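The values are calculated or read from the model by the stated rules, or taken from the named source; none is laboratory data. Bear in mind that the values here come from a model prediction, so they are computed numbers and not experimental data. Here the Cβ positions follow ideal geometry from the backbone for every residue, glycine too, while neighbour counts run over all protein chains shown.
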Amino acid sequence: MTRVAVVGGGVSGLVAAHRLRRSLGPDAEIVLVEQTGALGGKLRSLPLAGVELDLGAEAFLARRPEVLRLAEELGLAADVVHPGPVAARVRAGGALHPLPAGTVMGVPADPESVAGVLSPAGVAAVRAEADLPPLELGGADASVGGLLRARVGDEVVDRLVEPLLGGVYAGSADGLGLRATIPALAAALDAGAKSITEAAAAALPAPAPDGRKRPVFGAFRHGYREFVAALADSAAAEVRLGAPVRALHRDGAGWRLEIGSAPAPDVLAADAVVLAVPAPAARKLLAGVSPAAAELLGRVEVASMAVFGLALPAGTELPAASGTLVARGEVHADGTPFTAKAFTFTSRKWPHLTGTGGEPLVRGSVGRTGQDELLRRTDAELLRGVLADLREVTGVDAEPVDAAVVRWGGGLPQYGVDHLDLVAGLERAVGELDGLELAGAALHGVGVPACAATGEAAATGITRHLATG
């Protein structure tokens with residue numbers, strides 16, 4: 001009997017297991033090993049005011065096909081929902097502003113589109129960029145912050161780009177690579193755009209032929225919990241929870257995994273293995289079988305964050321916005337730094353999501369690269385800061401009737417300069433290991449569709465290996 005071990009029960013591992021079952025049929029043995037006590041990884045739904053609220057990934061990019069295709073396969077297509085018709089705001093320069101349209105991850109195509117967020121000097125810097133020498137990357141990568149500061153000024157980075165990238169990666173724009181984090185902008189420059197604004201204009205999505213706006217994001221009506229459960233049911237795997245994989249060895253043509261306690265681990269023999277775990281864990285497991293792959297994984301830095309779910313008293317009026325991003329360095333009127341980096345006004349953004357008693361729901365996220373000291377505070381200390389920030393950006397002064405928090409320690413990989421080259425080298429090194437595939441957020445994107453794509457690619461690689469012997 002064919003046996004495949006999938007290490008990691010997050011979305012990448014679950015999708016890999018689902019796709020392996022579809023490819024290998026009912027007779028294959030699929031063993032899904034997860035070191036925590038639950039499947040889902042960063043898809044985490046918790047009860048709040050009587051409903052399920054996602055306190056990991058909140059939504060998925062609906063312009064990519066992977067999650068929508070999986071929802072169709074799993075019978076969940078009718079449960080996909082899209083945001084309501086409200087826009088986001090940004091707190092920058094000590095004031096609230098509508099998040100401007102016509103930008104690519106905050107990079108403006110037209111200086112006038114950001115006039116409300118930037119100072120007059122900041123707008124002038126964007127206007128002046130067209131007069132700078134033509135920009136040519138020559139195939140190289142660049143720091144997002146470094147490139148944009150030199151071309152369009154600090155304010156574009158600090159007030160727009162970093163708040164948006166901080167929401168996705170919990171990182172600093174100065175430490176993130178352009179090609180991995182804003183690939184559309186890099187592609188436009190490669191195609192001949194001579195300035196940042198020209199590249200942003202070329203990278204903006206074309207209007208739909210019928211003139212209708214297509215939803216950018218999607219979510220599941222009852223939270224990601226139902227998606228996770230459906231993937232697990234479809235995979236029909238033997239699931240081992242609370243079981244850390246401590247070692248991975250070659251075993252003839254197959255693999256041997258040591259699982260559980262260090263003094264007396266269980267041994268699992270497998271014909272093939274999918275490693276769908278964060279970069280630090282994958283590095284440790286590959287150190288003995290591919291030092292080259294382990295060394296590359298060791299270069300992937302990670303950032304931590306915390307997500308709060310708040311249920312406010314019924315009747316509390318939330319702003320008519322989907323949420324508010326907070327630029328790095330923003331302070332209250334008394335000089336106190338902000339604790340939160342973003343709020344989602346959940347019951348505005350997702351109108352179906354309110355507590356069973358009509359309580360409006362809010363998400364607040366905390367943590368960026370370089371804020372380790374902040375994240376060492378207790379949950380209660382962070383909550384006090386988050387509530388103070390919420391009062392500052394909304395005027396709402398109400399104690400929550402219910403609250404929950406999830407901490408994601410080392411949960412977000414940082415896509416540094418030349419990340420794509422790093423991943424290419426990593427995939428070459430792993431490609432020399434017959435019957436082993438990598439999946440996960442450290443590779444080709446941190447969003448749910450991108451992670452699902454790595455799980456599907458890993459399953460395809462394992463199926464091909466098993467078919468060819």
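Looking at (1) in a helix (DSSP H, G or I); (2) modelled with pLDDT under 95; (3) among the hydrophobic types (A, V, I, L, M, F, W, C), which one does L420 not meet, given that it meets all the others?
(2)
Looking only at residues in the range 119-147 that are of a type in the set (D, E, K, R) and without any contact (Cβ under 8 Å) to a residue 24 or more places away in the chain, which one is surrounded by the most Cβ atoms within 10 Å (Cβ to Cβ)?
Checking each candidate, the answer is R127.
Examine the range 59-81 for a residue that is over 20 Å from the mean Cα position of the chain (by Cα) and modelled with pLDDT under 95, and state whether such a residue exists.
There is no residue in the range 59-81 that is over 20 Å from the mean Cα position of the chain (by Cα) and modelled with pLDDT under 95.
Among the residues of the range 403-417, write down those that are surrounded by fewer than 17 Cβ atoms within 10 Å (Cβ to Cβ) and either part of a loop (DSSP other than H, G, I, E, B) or at pLDDT below 95 (or both).
Selection gives G409, G410.
Can L160 be described as in a loop (DSSP other than H, G, I, E, B) and either buried (at least 18 other Cβ atoms within 10 Å of the Cβ) or in contact with a Lys or Arg (Cβ under 9 Å, 6 or more places away or on another chain) (or both)?
Taking the combined requirement at face value, the residue does not satisfy it.
Kindly check whether there is at least one residue in the range 26-33 that is part of a loop (DSSP other than H, G, I, E, B), out of contact with any helix residue (DSSP H, G or I) (no Cβ under 9 Å at 6 or more places or on another chain) and among the charged types (D, E, K, R).
yes
Per-residue answers, yes or no, for (1) surrounded by fewer than 19 Cβ atoms within 10 Å (Cβ to Cβ); (2) in the same structural domain as A458 (by TED's automatic domain parsing); (3) touching a strand residue (DSSP E or B) at 6+ places or on another chain (Cβ under 8 Å):
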{"residue": "V7", "(1), (2), (3)": "no, yes, yes"}
{"residue": "A17", "(1), (2), (3)": "no, yes, yes"}
{"residue": "E58", "(1), (2), (3)": "no, no, yes"}
{"residue": "R63", "(1), (2), (3)": "yes, no, no"}
{"residue": "E66", "(1), (2), (3)": "no, no, no"}
{"residue": "G84", "(1), (2), (3)": "yes, no, no"}
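Search the range 267-281 for residues that are in the same structural domain as I462 (by TED's automatic domain parsing) and pair each with any residue that is surrounded by 24 or more Cβ atoms within 10 Å (Cβ to Cβ) and of a type in the set (D, E, K, R) when their beta-carbon atoms are under 7 Å apart and the residues are at least 6 apart or on different chains.
V274/E437
From (1) surrounded by fewer than 15 Cβ atoms within 10 Å (Cβ to Cβ); (2) part of a helix (DSSP H, G or I); (3) not assigned by TED's automatic domain parsing to the domain that holds R283, pick out the condition that doesn't hold for G75.
(2)
Being farther than 30 Å from V366 by Cα and not aliphatic (A, V, I, L, M) is the requirement here; does G146 meet it?
Values: farther than 30 Å from V366 by Cα: no; not aliphatic (A, V, I, L, M): yes.
So G146 fails the test.
Under the condition of being touching a residue at least 60 places away in the same chain (Cβ under 8 Å) and among the small types (G, A, S), which residue from the range 79-107 is farthest from L160 (Cα to Cα)?
Among residues in the range 79-107 that are touching a residue at least 60 places away in the same chain (Cβ under 8 Å) and among the small types (G, A, S), the one farthest from L160 (Cα to Cα) is G84.
Run down A193, A236, A243 and say which single residue is buried (at least 18 other Cβ atoms within 10 Å of the Cβ) and touching a helix residue (DSSP H, G or I) at 6+ places or on another chain (Cβ under 9 Å).
Residue meeting the stated conditions: A193.
Which strands (runs of 3 or more DSSP E) sit wholly inside the range 285-347 and have at least 1 residues that are over 28 Å from A180 (Cα atoms)?
Qualifying strands (runs of 3 or more DSSP E): 302-311.
Touching a helix residue (DSSP H, G or I) at 6+ places or on another chain (Cβ under 7 Å) and among the aliphatic types (A, V, I, L, M): is that true of L310 in this structure?
Answer is no for this residue.
If we scan the range 171-181, do we find a residue that is aliphatic (A, V, I, L, M), over 25 Å from R91 (Cα atoms) and assigned to a loop (DSSP other than H, G, I, E, B)?
no
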